[in-house]
Amino acid sequence: MIEYDNMPKSNENADKIHNSLENNKTNQENKNNLLSFAGPEQIVYEGSKVFLEGHSSKPNQKLKWKQIGEPKVELKYESKDDEEFKTKNPYFMAPYISIDFDNRNSSNSVNTHNDNKIKPFVKLTFELTVQDQTDTISSPPSTVNIIIKMVQRALVFQGGGSLGAYEAGVFKALCDVLVAKDNKIKEKKNRPLFDVIAGSSIGAVNAAIIVGSIKRRIENKDKNYSYSSFSDTINTPSVVAEIQESAPSIWKDTANDLDKFWNEISTSTW
């Protein structure tokens, strides 16, 4: 009688050897493979310092970033060591949103209702590739979008009889300060000084005087220009250029109009 007890053991050992080889192969592949994650999408405001938040599947690997598309920004590092070794993420300064009415109404483009909408944001796309310190192994690229939002100003006047004249003085001071501040940023040349103007009670009167004065002054620049369609239609490039150049003076003249209103209706108590 022949016994075959050794045959199953031999097959079992062969299976173990095969499985061990496969595991070693898989482990070696995993050792060589790098994975990159460019981080979560961020929503930030223009002018802010923004850090990219990418990382590698393994520590102390090189994080190689590049930007895809426009507008271009400069990626910087906190230190020279960070820039050299690139084991830490860079940062950039969020660009200011530029509103280009001329480009939007170019005769070379087909304008639709949606195309004419001014977008108060811009999307930046970055790509991350991870490399080991010898630059021999690289990960597949990973991308992330950073949404830059326009900072908008709102001016809200409170109610309360005697505060009306006080608010006129504050508005005039704000115009002087903000016009000087915005003139230093070329991307803000097409921006209104305030995006929203509102008020309650006597504050609503001040808001109405300001908006009415601005509207009247803009309309006087060109009788064919309609302020009511400001967000939808710009008639001619010359009107746009003129409004851009005169915008700071319009706000300051409006502040003088409000000051004049309160001087005319006020009665001296001295």
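Between F51 and A180, what is 0.36 nm times their sequence separation minus the Cα-Cα distance? Round to one decimal in nm.
Numbers: separation 129, 0.36 × 129 = 46.44 nm, distance 2.93 nm.
The span from F51 to A180 would gain 43.5 nm if fully extended.
Among residues other than E78 whose Cβ falls under 15 Å from its Cβ, what is the net charge (Lys/Arg +1, Asp/Glu -1)? Let's see the in-between values first.
Values: positive: K49, K76, K80, K86, K88; negative: E53, E74, D81, D82, E83, E84.
With Lys, Arg at +1 and Asp, Glu at -1, the net is -1.
For E264 and K119, what is the calculated FRET efficiency with R₀ set at 51 Å and r taken between the beta-carbons, to the nearest 0.05? All intermediate terms of the calculation are to be shown ahead of the outcome.
Details: r = 42 Å, r/R0 = 0.82.
About 0.75, to the nearest 0.05.
Values quoted throughout were computed directly from the atomic coordinates according to the rules given, and no laboratory measurement underlies them. Predicted model only: the values in this text are computed from it and were never measured. Note: ideal-geometry Cβ built from the backbone for every residue, glycine included; neighbour counts use all protein chains shown.
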